[in-house]
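Heads up, the thing below is written out as structure tokens.
The values are calculated or read from the model by the stated rules, or taken from the named source; none is laboratory data. Worth saying up front: this structure is predicted, and the values here are computed from it rather than measured. All Cβ positions, even for glycine, are placed from backbone atoms using ideal geometry, and neighbour counts span all protein chains on display.
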Amino acid sequence: MLKHNLGYPRMGAHRQLKKACEQYWQGRIGRTELFVTAKRLQEDHWLLQQQAGMDLIPCNDFSFYDHVLDMSLLLGAVPDRYAPVVTDIPGNAEIDLCFAMARGYQQHGLDITAMEMTKWFDTNYHYIVPEFTANQQFRLLSNKVFNAFDAARHCLGTIPKPVLIGPVSYLLLGKEKGGGFHRITLLERLLPVYIAALKKLQEAGAVWVQLDEPFLAMDLSEAEAAAFRHAYAEIARQCKGLKLMVATYFEGLRDNAALAASLPVCCLHLDLTRDAQQLDAVLQALPPKTSLSLGVVDGRNIWKNDYEQSLLHIRKAVRALGEDRVMIAPGCSLLHSPADLSLETALDADIRSWMAFAKQKLQEVFELDEICAGNTALLEANRQAIALRRASARVHVPVVKARTHAITDQDACRRSPFPERQHVQAARLKLPLLPTTTIGSFPQTDEVRQLRAQRRKGAITAAQYDAAIEAATLDAIRWQEEIGLDVLVHGEFERNDMVEYFGEMLNGFVFTQNGWVQSYGSRCVKPPVIYGDVSRPEDMTVRWTKYAQAQTKLPMKAMLTGPVTILQWSFVRDDQPRSDTAYQIALAIRDEVLALEQAGIGIIQIDEPAIREGLPLRKPDQEAYLQWAVRAFRVAACGVKDETQVHTHMCYSEFNDIIAHIADMDADVITIETSRSQMELLQAFAGFRYPNEIGPGVYDIHSPRVPAVAEMTALLQKAAELLPVRNLWVNPDCGLKTRKWPETKAALENMVAAAREARLRI
Ligand code: GLN
Ligand code: ZN
């Protein structure tokens, strides 16, 4: 069986690429130095994959910023506004064009906006969205893929496998500018250029080319399905002799199995870690000469592969197709895995023995092949590791499981319906019309960050740290009182990150030192690992919230992160349904909510910005997800008395198709991000006659710009036309931790002024 890989993490185990790019952007290193780092990283990764025994090693999976952006450069889909970056500025090269498209260009008298960025399917990776116009032209522009092929070949001494995004998925990933056409109709113009690139690779000596077509595993329209048939018929006709592998991942083929199997290519790759059931249908439908690549090692998680499971799939495929038509690989590109487990020196040894990062995942692919060839010792060792994890008392805590199973509908329900609660809460809180508040965090200054770093290093005592955090909190409270906010927050100065902060205090979580995964460009995230049943050993936020409330007569809003967001932004265990883990976290948050209520806190916010992003990729799966996600939130929120006001907050979401479920969360108040859409996102709530209170963000926190009073009054006026004024709150779009103090103060002063003016006018 051929063993291969679909893509390797680019950053380097020590995030070398991040550092080099950021230095280049700051002008601290030159292009040559940047390229040296990139070359070294690619070579290291090629050799590492070769040493791991991979037969086909990917190239062109590397990117300075994003591989979708690289496709736009390859195919000459560069929006006109970037022309001056190369034509007008002497010395600029393709790399500068690439970064200009990704990040915008504000230099040398030019001011060009960046291209849009969006989430890569259901991962936390973000790609640069191709922009297409009605008269879009394509041409071969960048040589990156050809250079990568030559370099990899030279480095490896064997023929590498270039990776490209397939033509149909490339178009579907993009967005029409100017309207009046559908991007799929650009296929006719794209194909000749795309085929020219393939021919050029073939001339350079390429044998295999991997074309990623993740959309084959998504819901497809008839026109999209037809585009696949047409594109691959044309490619097959014109690129005879080139071995094409079409790679699908993140979902099963399901109703597209026959379509995918019928494409005239040499090999089809399936992500069996996402959907093992597709294997039978594909085995039946596969034409006699097509090979099948089995993605058996999970590229999205950090857990050791269960060889026994993988071998079932491999043996089934080998029985049906014969060994020479079966390949094995990770399910998807390892871009979404951290680099190397061997760097984790501080992890608990047991838990570490259950894990595999990118480097180890390749080892797993290799070992699976060895086991097929008769190496039973490897299988035995894996069986033992899997069995230890399965039986571990670290993972399985019977009382937590029992409590989760005992959750009742009543636990997920407030005592009284919203109108009654609204009444009691109004009497208790005595807030003005259009109450003003913020979303939780205030600027995380260098000073505050340093405090936390010093505390971690042990350079200051707990008492010193607490005193400094108290001082920062007190300052923020005095200042909120001065400018006249109605509902205050403590500022979240004690928190590093809204998920990590809670994970560190909950049972069932561990943290890696180097488990970084690329999020976008040079940005990486280090998600916590949920390895076992989650429970809350003690209060998490009560101390700081109580302190804050004691400093003011105004209501202090407590801040928690919701169960779905904690789940979504962590590496989650794969030995139980996500919903089970979500309910366990929900119960932990519920206990915290009750502890806050007990401590006299009247308003508690449970942030759930990630509810929307957890939505499954396939329509038929979405309802079931929304049911448990909303229920998990309700379990977290609904333990309180009527007089306790529960807020939730969500950002960067479109709400149209899930508005009924948002309403079903039954938060007393929801704050959402709307300012950049000029309240357009509020339409969904208005159309639905959203019954509870709502704070549509009146200013964008992503930029340092200070919005004028009139701007915000106008937005409030707009909101008041859409929803009952008595239900409206006034707040920014999101937390302010990435902002600086001066702009934050100025913006919030204006916001309070806008609310006061609106109260008189509306
Ligand atoms: N309470 C959090 C904050 O203000 C919310 C962050 C978020 O929605 N992403 O930082
Ligand atoms: Zn937010």
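Structure notes:
- Only one of the listed residues (ASN305, ASN301, ASN256) is over 22 Å from MET355 (Cβ atoms) and touching a helix residue (DSSP H, G or I) at 6+ places or on another chain (Cβ under 9 Å). That residue is ASN256.
- Checking GLN568 against (1) more than 16 Å from ligand 1 (Cβ to nearest atom); (2) over 20 Å from VAL489 (Cβ atoms), the condition it does not meet: (1)
- For the residues GLN568, GLN518, GLN576, the requirement of being touching a Leu at 6+ places or on another chain (Cβ under 7 Å) and of a type in the set (S, T, N, Q) singles out GLN518.
- Restricted to segment 685-702, and to residues there that are more than 16 Å from ligand 1 (Cβ to nearest atom) and part of a loop (DSSP other than H, G, I, E, B), the residue that is farthest from GLN645 (Cα to Cα) is PHE688.
- Within segment 601-610, being within 13 Å of ligand 2 (Cβ to nearest atom) and not aliphatic (A, V, I, L, M) holds for GLN605, ASP607, GLU608, PRO609.
- The single condition from (1) under 21 Å from GLU94 (Cα atoms); (2) surrounded by fewer than 22 Cβ atoms within 10 Å (Cβ to Cβ); (3) out of contact with any Ser or Thr (no Cβ under 7 Å at 6 or more places or on another chain); (4) not acidic (Asp, Glu) that VAL129 fails is (3).
- Which numbered condition ASP122 fails, given (1) buried (at least 18 other Cβ atoms within 10 Å of the Cβ); (2) within 21 Å of the chain's Cα centre (by Cα); (3) within 27 Å of VAL246 (Cα to Cα): (1)
- Meets criteria (surrounded by 21 or more Cβ atoms within 10 Å (Cβ to Cβ), over 20 Å from LEU41 (Cβ atoms), out of contact with any Cys (no Cβ under 8 Å at 6 or more places or on another chain) and small (Gly, Ala, Ser)) for SER63: no
- Count of residues meeting criterion [within 16 Å of ligand 2 (Cβ to nearest atom) and crowded, with 23+ Cβ neighbours inside 10 Å] in segment 611-649: 5
- Looking at THR561, THR512, THR552, THR545, just one residue is closer than 19 Å to GLU608 by Cα and either modelled with pLDDT of 95 or more or away from ligand 1 (no atom under 15 Å from the Cβ) (or both), and that residue is THR561.
- Among residues of segment 643-660 that are more than 18 Å from PHE418 (Cα to Cα), those with a beta-carbon under 6 Å from a residue that is away from ligand 1 (no atom under 16 Å from the Cβ) and not polar (S, T, N, Q) at least six positions away or on a different chain give the pairs PHE655/ALA684; ASN656/ALA684.
- Members of segment 29-41 that are surrounded by fewer than 17 Cβ atoms within 10 Å (Cβ to Cβ) and outside any helix (DSSP H, G or I): GLY30
- Apart from one condition, PRO90 fits all of (1) assigned to a helix (DSSP H, G or I); (2) over 22 Å from ALA20 (Cα atoms); (3) of a type outside the set (Phe, Trp, Tyr); the exception is (1).
The rows are residues; the columns are (1) touching a helix residue (DSSP H, G or I) at 6+ places or on another chain (Cβ under 9 Å); (2) outside any loop (DSSP other than H, G, I, E, B).
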{"residue": "GLY12", "(1), (2)": "yes, no"}
{"residue": "LYS18", "(1), (2)": "no, yes"}
{"residue": "GLN23", "(1), (2)": "yes, yes"}
{"residue": "GLY27", "(1), (2)": "no, no"}
{"residue": "GLU43", "(1), (2)": "yes, yes"}
{"residue": "GLN49", "(1), (2)": "yes, yes"}
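- Verdict on ASP733 being touching a helix residue (DSSP H, G or I) at 6+ places or on another chain (Cβ under 6 Å) and acidic (Asp, Glu): yes
- In segment 650-684, the residues that are of a type in the set (A, V, I, L, M, F, W, C), away from ligand 2 (no atom under 16 Å from the Cβ) and part of a loop (DSSP other than H, G, I, E, B): MET679
- Filter result for ILE601 (surrounded by 21 or more Cβ atoms within 10 Å (Cβ to Cβ) and within 20 Å of ARG495 (Cβ to Cβ)): yes
- Here ARG455 meets the list (1) buried (at least 18 other Cβ atoms within 10 Å of the Cβ); (2) within 21 Å of ILE603 (Cα to Cα); (3) of a type outside the set (A, V, I, L, M, F, W, C) almost entirely, failing just condition (2).
- Filtering segment 67-87 to residues that are touching a strand residue (DSSP E or B) at 6+ places or on another chain (Cβ under 6 Å), crowded, with 23+ Cβ neighbours inside 10 Å and not in a helix (DSSP H, G or I) leaves nothing.
- Test set (1) among the β-branched types (Val, Ile, Thr); (2) touching a residue at least 40 places away in the same chain (Cβ under 8 Å); (3) assigned to a strand (DSSP E or B) - THR738 fails condition number: (3)
- Residues of segment 343-382 classified as under 20 Å from TYR531 (Cα atoms) and among the hydrophobic types (A, V, I, L, M, F, W, C), total: 10
- Unique residue being part of a loop (DSSP other than H, G, I, E, B), away from ligand 2 (no atom under 16 Å from the Cβ) and within 30 Å of HIS661 (Cβ to Cβ) when the list is MET498, MET505: MET505
- Test: residue in segment 477-485 that is in a loop (DSSP other than H, G, I, E, B) and either within 15 Å of ligand 1 (Cβ to nearest atom) or out of contact with any helix residue (DSSP H, G or I) (no Cβ under 6 Å at 6 or more places or on another chain) (or both): yes
- Residue in segment 424-438 that is nearest to ligand 1 (Cβ to nearest atom), counting only those that are closer than 15 Å to VAL752 by Cβ and in contact with a Gly (Cβ under 8 Å, 6 or more places away or on another chain): THR438
- Scope segment 227-254; condition under 13 Å from PRO167 (Cβ atoms) and not charged (D, E, K, R); matching residues: ALA227, PHE228, HIS230, ALA231, TYR232, ALA233, ILE235, ALA236, GLN238, CYS239, LEU244, VAL246
- Condition check for LEU242: over 26 Å from the mean Cα position of the chain (by Cα) and closer than 27 Å to VAL318 by Cα: yes
- Of all residues making up segment 184-207, the number that are within 19 Å of HIS67 (Cα to Cα) and either part of a loop (DSSP other than H, G, I, E, B) or in contact with a strand residue (DSSP E or B) (Cβ under 7 Å, 6 or more places away or on another chain) (or both): 2
- Restricting attention to segment 218-253, the residues that are part of a loop (DSSP other than H, G, I, E, B) and either among the basic types (Lys, Arg) or within 21 Å of ASP621 (Cα to Cα) (or both) add up to 11.
- All positions within segment 711-762 that are of a type in the set (S, T, N, Q) and either more than 33 Å from the chain's Cα centre (by Cα) or more than 16 Å from ligand 2 (Cβ to nearest atom) (or both): THR713, GLN717, ASN727, ASN750
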